[in-house]
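The structure under discussion appears below in the form of structure tokens.
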């Protein structure tokens, strides 16, 4: 045995190469060994790289956003003319002053306060509606003897998979009429049934709230439903044994248990609606009902700094909402995740109402998911909008050769022959694929790092950092990167900036999916491979990925489909060369080009659904798995 | 010669000390069990030796090679320590068949195809799982999965094999069977085994030497029977043996010779004759009596009553009440006493153990003679 453990420290000498001194390492060497050992663990490398990349891609751009609110951009020169003469690049606080205080022509009121309160109103009401609809359906499906449960539970999630504007477009297809501003053609109701709805029914707060509410209802359904489903039936059964009445049980036991889920859903929907642009541009802008997100877009060209200021407000709201949400769920978590072994509680008997409620629900679900598709198909083949007659049907807007069509939008061929469409399709596809690849892979690696180093400060920091973009509403994130493009002009109007912003936006989802699936996998599965000397990359490719294949593919699928239908995020950043399908869609709807926009909406939905279906059939992955729903 | 040496190994997580200043020499071809209650640091120790966990301080030497040294910054990864590891939940790769599971490691070691096939066949036969080679782990029973895990670990012929509670997921009958197999395997493979368990019977049955841990500190590192007969302290005495040892509070004073003591307990007076000299420091001592050393017999000196009888077929555990003190006795064969029936017991053995109540250390081994 080599005796290296003699304690001879007191016999210090100056010979640095002496054996004794070797034991007493210099602090520098000690740190060096520590660092070396630290970076020998792949999970640590991933986490550190993530920190650097994410700080660079989120925190720094946020700083740029705030900085840019104080910079005079070319469009600000005339906007701020009443405060003095500025040249581009000057620093000033007057953008803030003007947006928040200027009273001429009610400037601050019209451009900031009204849109801001419109946003808040829309978000609060939408979240309420989403919870009422989603929660009710969840309750009916999990707790009563409703009929057609399978159909309802599958189809009800559809609106969440479909683009936000689907229902907005459908709403217009149904209710628009020529009595409204903008000299529109008659929609289905006006033309066929002679029902002319008033302006504030067709446009503005009311339809937006309905559309957002229905769009986010599946969110509430998944959250509340999974808790109702996993809730230990004993909790209710013991109340039954104590002779509590059915309604009292729901009020005193069931509701308190799902309350935290309801609150979180409310906050999440609230934050999403605050940052959403699409339905607002369809249903609000035509009648001058502005919300913060549509105002940001409008302001970019007339007072860029002021649009950044509004972006800051959106982000502040997002962060506030998440903080509240964490406070709520953090405290309550302990009893929201109760699961039990006992079997399902006996269903509430709806008695006579059973058939009525079941049929109403099926009709409702059908009309918000399947009917819109028929409507889009119909509108896209009508020659003269507003006339629903067989003789007026045409496939021109799909397959006509160039030159055959005269349209507001300036296009002159059927969708399939239109070069602009193909280019936009190519842009959308390559953007979505790249974003999905980057976000999915990033999420998986971060998930790996976080799961392996779980409990360490670094892992907690990284998982919070990766979740951070979730707090930033889509429109505001667009504004952030617009500011980045100001600083780094080579990014301006490029595909790259769209890719980056998409990557950042969808990283939280992918990270969550990645972390969840990594946590399911015991570390021993990997250690069994470490023991036999399998290098790290091979462990990932040969062991970890194949085992968790389906949940990783969900991690790719979610960013892909979201990106295919995304507009709010990209609206500020798209340039002439980087137009996507959704961007064209917005253009068509602004130009009142009904056939094109309906055809294109249908096309996008079909692409998304087909890809999703194919992936699901071939790999077993699905969106709801990635979301963590049931 | 794969001898494993641990020197002053310490593992801390923040302020929590998992393993404290552990030094141990595991001889070549030994079968060591790390035994202790849950949370005592046994799995951590095993994982540190295997290289899956990094110690905070200390030195580990395997086969004369320093694989870890906190002072010199040496830390050789698990993959380069040429060890095998069997995990508690087997950690079989669910997407690979039995054959692929076993051969995967060999492919990493760049064995050629025929060698791999030969070795896998050999192992399949050795562990009697030939018929399952194309099945996936989920299609096997627990015992079969266990065998596959062993085969996979043995495949590269590791000189050292680590096992982390490998039998805890099996039912009692299968566990018994696998113990037999493991002991044979140890003899057949010529390897050093290090085995973690919380089951003291398993530790005793398998090991050449048991390392008993508590709160990260080695309590005793000795062959099983030494641990059983000569526990170093109260913890060891209490942890090992089923049913557990009786502990009787006594007052002691020095006797006429260096190895003689006068004891008073439960109203009795007795001479204690130790096998060696006794260094009595405190008056309060604890007499440890194994249940088998407390037989029930007519005209025994202690007139007690039966509290409860627990027959198990081959033997019967009898709980006996004497002056509000509950004692345990084991009787060979099946007997059933009526509750509160009068029975007499004795304390007869040369292996009675005396512990210092304050330090909990063993102070003597010997016999007693109750005279009053």
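No value in this document is a laboratory result; all are computed from the given coordinates. What you are looking at is a predicted structure, and each value in this text was computed from that prediction instead of being measured. All Cβ positions, glycine included, derive from the backbone under ideal geometry; neighbour counts span all protein chains shown.
Details
- The label-point distance for residue B:8 and residue A:97, in a model that sets each label 7 Å from Cα toward Cβ, rounds to 7.0 nm.
- Using a simple spin-label model with pseudo-atoms 7 Å out from Cα toward Cβ, residue B:339 and residue B:56 lie 5.1 nm apart.
- Here the relative contact order of region B:221-372, from alpha carbon pairs under 8 Å that lie six or more residues apart, stands at 27 percent.
- Inter-centroid distance (Cα atoms) of region A:604-619 relative to region B:76-120, Å: 38
- Sequence of A:426, A:171, B:111 once ranked by neighbouring C-beta atoms within 10 Å, starting from the fewest: A:426, B:111, A:171
- Efficiency of FRET between residue B:277 and residue B:25 - r from beta-carbon atoms, R0 41 angstrom, step 0.05: 0.90
- Counting only DSSP H runs of at least 4 residues, each contributing -39500 (n - 2.57), and dividing by the residue count of chain B, the helix-based mean residue ellipticity at 222 nm comes to -6500 deg cm²/dmol.
- Near-label residues of region A:459-488 by backbone N, under 16 Å of a point 7 Å along Cα→Cβ of residue A:41: A:459-463
- Per principal axis, descending, Cα span of chain A in whole Å: 103, 78, 51
- Annotation: the residues A:98, B:15, sorted from fewest to most other C-beta atoms within 10 Å of their own C-beta, follow the order B:15, A:98.
- Shielding by other protein chains, A:26-34, mean Cβ within 10 Å: 2
- Averaged over the residues of peptide A:530-540, the number of Cβ atoms from other protein chains lying within 10 Å of each residue's Cβ is 6.
- Dividing the mean sequence gap of close Cα pairs (under 8 Å, 6+ apart) by how many residues region B:4-238 holds gives a relative contact order of 27 percent.
- The peptide list A:204-214, A:576-586, put in order of mean Cβ contacts within 10 Å with the highest first, becomes A:204-214, A:576-586.
- Mean partner shielding of peptide B:66-75, defined as the number of other chain Cβ atoms within 10 Å of each residue Cβ, is 4.
- Cβ-Cβ FRET estimate between residue A:245 and residue A:124, R0 fixed at 25 Å, reported to 0.05: 0.15
- Ordering of A:287-297, A:313-323, A:86-96 by packing is A:287-297, A:313-323, A:86-96, highest average first (other Cβ atoms within 10 Å, averaged per residue).
- Label-point separation, residue B:15 to residue A:362 (7 Å along Cα→Cβ), nm: 6.4
- Whole-Å distance, taken between Cα centres, linking region A:473-505 and region B:320-361: 80
- Packing-based exposure ordering (other Cβ within 10 Å, fewest first) of A:501, A:72, A:363: A:363, A:72, A:501
- Cut-off 20 Å (backbone N to label point 7 Å along Cα→Cβ of residue B:79), residues of region B:87-103: B:87, B:91-96, B:100-103
- Calculated [θ] (222 nm, deg cm²/dmol) that DSSP helices of n ≥ 4 give over chain A, each run adding -39,500 (n - 2.57): -20500 deg cm²/dmol
- Mean Cα-pair separation over length for chain A, i.e. relative contact order, pairs under 8 Å, 6 or more apart, %: 18
- Part-to-part distance (alpha-carbon centres) for region A:68-98 and region B:151-219, which is given in Å: 76
- Taken over region A:40-92, the alpha-carbon convex hull comes to 72 cubic angstrom per residue.
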